[in-house]
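What follows is calculated from the coordinates using simple rules that are stated; it is not laboratory data. Since this is a predicted model, take the numbers as computed values, not measurements. Backbone-built Cβ (ideal geometry, glycine too); neighbour counts: all protein chains shown.
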Amino acid sequence: MLTILGRNNSINVQKVMWTCSEIGCQTERRDIGGEFGGNNTPEYLKKNPTGQIPTLIDGKYILWESNTIVRYISDTYGDTPWQPKDKKICFLGHQWMDFYIASLHPAMTTIFWQLIRTPIEKRNESAIQHAHKKATILWGLVNEHLRKNSFILGPHVTFSDVPMGCAVYRWYNLDIKRANYYHLESWYDRLSKRHPYQENVMLPLT
């Protein structure tokens with residue numbers, strides 16, 4: 001049994017829960033963070049000194065940082081095709097995960113926070129426009145990659161689809177203009193047909 005500490009409307013918690021569901025891991029998720037609080041208590045900070053979510057508890061083993069948790073669960077409990085055996089293919093997956101967190105995530109976070117969690121009168125339109133322009137360019141790179149791939153690493157969904165897969169749900173459900181990226185939208189459509197994705201990612205944006 002894996003214990004996941006974090007609220008389900010967090011994109012980082014969604015990454016972990018989607019991964020667990022795809023693999024078939026038994027999980028217990030506890031609401032922590034946001035309106036639930038609890039992430040700044042001494043007990044929680046002892047597990048995760050950043051005070052962020054999620055935190056994974058696997059027996060006596062504790063891990064934080066969502067992408068690291070996705071990698072750990074996939075490598076420890078996953079099997080092919082979710083977790084490819086070929087290390088070179090796996091590192092291509094890590095490459096795309098790192099591309100997301102280093103390049104695409106900051107822009108997507110700005111758009112999401114400004115449109116969903118910031119009152120209209122306090123929104124920074126300049127920041128939204130700048131982030132939207134950058135995100136559009138970066139999603140274009142993903143679109144080109146998907147021109148010859150059904151999923152990030154080829155014909156099957158894998159751990160590497162998780163970070164951008166969570167973000168692409170937001171991209172297609174935020175009230176924004178979007179470029180006509182056929183391959184990106186087709187990938188999103190394929191993900192949307194998966195029950196683990198529906199149950200853990202396709203949730204109201206709050």
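Ranked for footprinting exposure by Cβ neighbours inside 10 Å, fewest first, 105, 145 give 145, 105. Kindly state, to the nearest 0.05, the FRET efficiency for residue 148 paired with residue 102, given R0 = 25 Å and r defined as their beta-carbon distance. Result of the calculation: an efficiency of 0.60. Each Cα pair under 8 Å and six or more residues apart adds its sequence gap; the mean of these over the residue count of the chain is a relative contact order of 24 percent. Annotation: for a label point projected 7 angstrom from Cα along Cα→Cβ of residue 30, residues of region 58-101 with backbone N closer than 19 Å are 58-66, 69. The largest-to-smallest principal axis extents of the Cα set in the chain are 47, 47, 26 Å. With a threshold of 24 Å on the Cα-Cα distance, the over-threshold entries among 87/133; 88/148; 15/60; 88/193; 47/88; 88/134 are 87/133; 88/193; 47/88; 88/134. Remark on the chain: 90, 166 stand apart, with no other cysteine beta carbon under 4.7 Å.
Taking the DSSP bridge list for the chain and keeping only pairs wholly inside it, about 65 percent are antiparallel.
Exposure proxy ranking for 132, 195, based on other Cβ atoms within 10 angstrom of each Cβ and starting from the fewest, stands as 195, 132. When you restrict to C-alpha pairs under 8 Å that are six or more residues apart and normalise by the size of region 94-150, the relative contact order lands at 39 percent. Based on Cα contacts under 8 Å between residues 6+ apart, region 87-197 shows a relative contact order of 31 percent.
For region 14-29, the residues whose amide N sits under 17 Å from a probe point set 7 Å from the Cα of residue 109 along the beta carbon direction are 14-16. Among the helices of the chain, those built from whole DSSP H runs whose Cα atoms reach 24 Å or more along their own axis and whose mean Kyte-Doolittle hydropathy is at least -1.0 are 125-145. Between residue 130 and residue 183, residue separation times 0.36 nm minus the direct Cα-Cα distance comes to 16.7 nm.
Give the shape of region 2-77 as rounded, prolate or oblate, defined through the alpha-carbon gyration tensor: a ≥ b ≥ c are the square roots of its eigenvalues, a/c under 1.5 means rounded, and otherwise the shape is prolate if a/b is larger than b/c and oblate if not. Judged from the Cα gyration tensor, region 2-77 comes out prolate (a/c at least 1.5, a/b above b/c). Fully extending the segment from residue 50 to residue 175, taken as 0.36 nm per residue of separation minus the present Cα-Cα distance, adds 41.9 nm.
Computed about its Cα centre, the charge dipole of region 76-206 is approximately 160 debye, with only Lys, Arg, Asp and Glu carrying charge at their Cβ.
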